[in-house]
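What follows is a set of notes on a single structure, which appears directly below.
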């Protein structure tokens, strides 16, 4: 693998994987903090949507972990590359729906959660910060996934075919070295 491909695999791949894990964690934190708020103006617009988003966002890293446990890491990377297009497509639909539907769940509190805003309670300020971070991470995942797909298309990041060839070459080399005696 060339240095350029390796560089972009790391620069785009690491944030993509971190965001896969950050989104469900932030959603769990959001559900927890909204459960503690006792204010009739601050509420989850749809618990069904929230739990649907949690399930979908939890499914992506769960599948990576299960695939990683059941297979080698190279198979995990291959599976991720194969499915990233569809994950990105569905994630865009989810992100648009989720963002539009939950846009006013904190009432008049600005999305940016300014520090000088007069929050009714510290829990509401925390809810605002978690909600904003959650939506930003959700959209960053979309951006990094689209960027990965584009860079894969133009050949800048590793394609599934490249992973298969690299895997075959490494396995072939390992099999040959294992069958050779150490001392001749």
Least to most buried among 3, 23, by other C-beta atoms within 10 Å and fewest first, runs 3, 23
How long is the gain from residue 122 to residue 89 if the chain were fully straight, where each residue apart is worth 0.36 nm and the alpha carbon distance is subtracted? 8.2 nm
Considering the alpha-carbon set of segment 3-158 alone, what are its Rg and its Dmax in angstrom? 17.5, 55
For segment 1-46 and segment 125-145, compute the distance between their C-alpha centroids and round to whole Å. 6
May I ask you to sort 112, 158 by Cβ crowding, counting other Cβ atoms within 10 Å and putting the fewest first? 112, 158
Consider a paramagnetic label point 7 Å from the Cα of residue 51 along Cα→Cβ; state which residues of segment 18-41 have an amide N under 14 Å from it. 31-32
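Please compute the contact order of segment 3-158 in relative form: average sequence separation of alpha-carbon pairs under 8 Å and at least six residues apart, divided by the residue count, as a percent. Spell out each step's value before the answer.
Values: 114 pairs, mean separation 67.4, N = 156.
Averaging sequence separation for qualifying contacts and normalising by length gives 43 percent for segment 3-158.
We did not get these values from a lab; they are worked out from the coordinates using the rules stated. None of these values were measured; they are calculated from a predicted model. All Cβ positions, glycine included, derive from the backbone under ideal geometry; neighbour counts span all protein chains shown.
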